[in-house]
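Take a look at the structure below.
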Amino acid sequence: MNVRALMQTIARQRWLDPVDRVLGTVATRALGQDSPTPRAVRNALHGTWLQHPLHPAITDVPVGAWTAATVLDAVDTLRPTNELAAGADAAVAIGLVGAAGAAVTGLNDWQYTSRDTRRIGVLHATLNVGATLLYGASLVMRRRGARGAGRGLGLLGFALAGTSAYLGGHLVYEKRLGVDRTSGQTPPEEFVAVLPESELPERQMRRVLVHGMPILLVRFGDRIHALSETCTHMGGPLSEGELGEDRVTCPWHGSQFAFDDAGQVLRGPATFPAYCFETRVRDGQIEVRRADSCQQQPAAAVAPAAPEMAAASSPG
Ligand code: FES
């Protein structure tokens, strides 16, 4: 059985659904859109402030600490001494703290998944809970002087954590959970005509394709804004979202991206900013090209070009 078939088998496991319901209820009540947890906290847990998902960064703590504990235990067992016991115990404890952080951030991200990704996430979480319980029991046994039992429990926990980490990797690399959904798109580096200016009414969003990349256009008076149209969170169509004075809200999970601040995420769950584009009008055509900052668009930038400039930039 290859990995894809294995994951499809996991995705068909209906016995995971009761766990899914429990996790879903906890996630909704503790971290959902209408939960009492402040949005700023939920955004922080997603990693919006980091412009990168926080969960995979935090998972390095338990994985690294428990790997260190396993190595220290192995060295002590081989010698055999207990010189490294204190270090191993500390590593187990550090891993437990990291596991708590990974659980909260992971649950916060998982609540937006669906279908097979969701079930694989449920198994990932279940294994992590199992590993955490085993390491918790391991620490208790170590403190009570039953070091052999503590090491055995730790080894079992390490096996579960390793299996879970594999599933987590699959969720990222195959299911693209937490991946910037605009990655792989090719924003134009040079100005490209995308739409006649007359076809962009005031305060209406238009989706255009440039080199296969969907771009969102919107006009506010003499300013034309352009952002990548694909939501970086899970690929929602921003042109079908809600238009605000300075932002667009994704119709799928409510992420907000700024028009005037380099496509920054103003509200999660998205963590990666949108691409923003410099715009101008030449020969009645709206043109866009990639920009590092969206703030460079004064009214003059979208005003009709001077005749000599228009002639210089027109094809042929
Ligand atoms: S796809 Fe989730 S917020 Fe846009």
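The values are calculated or read from the model by the stated rules, or taken from the named source; none is laboratory data. These numbers come from a predicted model, not from an experiment. Every residue, glycine among them, receives a Cβ derived from its backbone with ideal geometry; neighbour counts consider all protein chains shown.
If you filter segment 198-220 down to residues that are charged (D, E, K, R) and surrounded by fewer than 17 Cβ atoms within 10 Å (Cβ to Cβ), you find that the one that is nearest to the chain's Cα centre (by Cα) is 207. Within segment 75-90, the set of residues being free of Cβ contacts under 8 Å to residues at least 24 places away in the same chain and surrounded by fewer than 14 Cβ atoms within 10 Å (Cβ to Cβ) comprises 78, 79, 80, 81, 83, 86. The set of residues in segment 264-275 being within 13 Å of the ligand (Cβ to nearest atom), touching a Pro at 6+ places or on another chain (Cβ under 9 Å) and either part of a loop (DSSP other than H, G, I, E, B) or more than 19 Å from residue 187 (Cβ to Cβ) (or both) consists of 271, 272. When each of 189, 174 is tested for being modelled with pLDDT under 95, surrounded by fewer than 21 Cβ atoms within 10 Å (Cβ to Cβ), away from the ligand (no atom under 16 Å from the Cβ) and farther than 24 Å from residue 280 by Cα, the lone residue that passes is 174. Within segment 18-52, being part of a helix (DSSP H, G or I) and free of Cβ contacts under 8 Å to residues at least 60 places away in the same chain holds for 18, 21, 22, 25, 29, 40, 41, 44, 49. None of 254, 244 is within 16 Å of the ligand (Cβ to nearest atom), farther than 28 Å from residue 172 by Cα, assigned by TED's automatic domain parsing to the domain that holds residue 284 and not acidic (Asp, Glu) except 244. If you check 148, 169, 154 for being surrounded by 21 or more Cβ atoms within 10 Å (Cβ to Cβ) and of a type outside the set (Phe, Trp, Tyr), only one passes: 154.
Taking each residue of segment 252-265 that is farther than 16 Å from residue 47 by Cα and looking for partners that are within 14 Å of the ligand (Cβ to nearest atom) and among the charged types (D, E, K, R) with beta-carbon atoms closer than 6 Å, six or more apart or interchain, yields 258/247.
Residues in segment 225-271 that are buried (at least 24 other Cβ atoms within 10 Å of the Cβ) and either among the β-branched types (Val, Ile, Thr) or within 14 Å of the chain's Cα centre (by Cα) (or both): 230, 231, 232, 233, 248, 255, 265, 268, 269, 270. Scanning segment 219-241 for residues that are more than 8 Å from the ligand (Cβ to nearest atom) and under 24 Å from residue 50 (Cα atoms) yields 226, 227, 228, 229, 230, 237. Is it the case, given these coordinates, that residue 5 is surrounded by fewer than 19 Cβ atoms within 10 Å (Cβ to Cβ), over 28 Å from residue 115 (Cα atoms) and out of contact with any strand residue (DSSP E or B) (no Cβ under 8 Å at 6 or more places or on another chain)? No; evaluated as a whole, the condition is false for this residue. Can you find a residue in segment 58-66 that is in a helix (DSSP H, G or I), among the aliphatic types (A, V, I, L, M) and under 17 Å from the mean Cα position of the chain (by Cα)? Taking every residue of segment 58-66 in turn, at least one turns out to be in a helix (DSSP H, G or I), among the aliphatic types (A, V, I, L, M) and under 17 Å from the mean Cα position of the chain (by Cα).
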